[in-house]
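For reference, the structure is listed below as structure tokens.
Values in this text are rule-based calculations from the coordinates and carry no lab data. Quick caveat: nothing in here was measured; it's all calculated off a predicted structure. All Cβ positions, even for glycine, are placed from backbone atoms using ideal geometry, and neighbour counts span all protein chains on display.
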Amino acid sequence: MSKQFNSSEKARERWKLLAKALKGQRSDETCQSAVSVRRFGSYGLLQTQELSTAENVKNCGSTWHRYTCPEVLNFSMTIRHLAGTIKPETVFGFNNTGNVCVWPSEEVMAYHTQKYLNDFRGAAVCELGGGMTCLAGVMLSILSEAESMLLTDGNEESVDNLNKIIDNNSSAFGKTKVTSRMLRWGSGPVEESLVEKFDIVLCADCLFFDDGRKDLVDLVYTMVKPQGKVLMYAPRRGKTFDAFVSLAEEKFHTTVQEEYDSTVWSLHKQMDAKGLEHYDANIHFPLFLSMKRINKAS
């Protein structure tokens with residue numbers, strides 16, 4: 001039976017989690033805690049196997065994993081997970097959540113987008129805020145024949161990890177040019193090289209920061225080509241999803257879907273119906289937001 005916590009016990013347990021992270025405890029231990037919103041780990045759409053390598057030992061808990069998808073024959077990619085430690089000086093710095101866990105929205109975005117590979121063939125694609133793995137970007141780089149793929153995050157450790165992932169999977173990318181860089185929204189004007197550069201911009205679970213939503217709307221509007229599209233996957237998280245959509249509607253034609261994939265929807269409904277304590281649709285089930293620019297008349 002799962003342990004129940006009252007509010008004061010939850011507060012104490014969260015501080016214990018932080019203390020363990022500061023001491024270097026593995027992220028898979030902290031993320032699965034009974035008081036963590038990350039208790040639900042995966043829909044099982046992608047399968048992972050930790051690889052036993054000297055690299056894992058050398059990097060103090062950072063581990064390489066082989067990802068496969070049961071629905072995609074002969075597909076695999078190797079992904080490096082960071083140890084999930086949090087340094088005291090960065091606890092209140094730029095968003096570090098992408099270094100701690102692979103969130104359900106990332107898994108769902110990778111799984112769902114690979115079903116529409118023709119949409120990515122020959123396209124310039126960017127994944128924004130992809131954390132330490134950019135699962136969808138790496139998976140599409142291998143499967144889609146995109147012209148280019150830019151993997152980004154606003155955290156330096158994540159970007160360093162993405163560089164290692166790119167190197168480790170480079171032989172599987174074919175003609176797709178895959179690069180990575182640090183990219184934050186709200187930190188100044190968008191570089192000229194990124195303006196109207198991308199046919200498709202991808203983003204998973206990046207809508208929950210109150211002070212970053214308008215900046216994110218402005219960034220994707222600037223980055224996507226006039227006829228391009230933005231694909232976002234994120235849970236409701238209270239009113240945060242709807243708040244983002246309201247802002248986005250000033251610059252985009254938006255479409256929000258819940259039943260966008262029969263497999264994902266079925267798994268969600270099964271878990272929701274069982275009333276599992278560790279599954280909360282509000283923070284775990286991603287909605288699908290598709291956006292196309294409203295282009296000003298010349």
Which part of the stretch 116-155 falls in the paramagnetic zone of VAL195, meaning amide N under 16 Å from the point 7 Å along Cα-to-beta-carbon?
none
The exposure ranking of PHE173, PHE288, PHE244, fewest beta-carbon neighbours within 10 Å first, is PHE173, PHE288, PHE244
What is the fewest-to-most order of TRP265, TRP185, TRP64 by other Cβ atoms lying within 10 Å of their Cβ?
TRP265, TRP64, TRP185
Pairwise label distance in nanometres, ASP119 with VAL256, each label 7 Å out on the Cα-Cβ vector:
1.8 nm
From Cα pairs below 8 angstrom and at least 6 apart in sequence, can you work out the relative contact order of the stretch 104-222, rounded to a whole percent?
29 percent
Can you pull the one-decimal nm distance between simple spin-label points at THR263 and LYS239, each 7 Å off the Cα toward Cβ?
3.7 nm
Out of all DSSP beta bridges with both ends in the stretch 39-293, state the antiparallel percent to the nearest 5.
50 percent
The alpha-carbon center of the stretch 220-298 and that of the stretch 121-183 are separated, in whole Å, by 22 Å
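If neighbour count is taken as other Cβ atoms inside 10 Å, put CYS134, CYS203 in order from fewest to most. Write down the numbers at each step before the final one.
Numbers: CYS134 33, CYS203 24.
Ordered from fewest to most neighbouring Cβ atoms within 10 Å, CYS134, CYS203 come out as CYS203, CYS134.
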Could you calculate the contour length gain from SER246 to LYS274, that is, 0.36 nm times the residue separation minus the distance between their Cα atoms, to one decimal place in nm?
6.8 nm
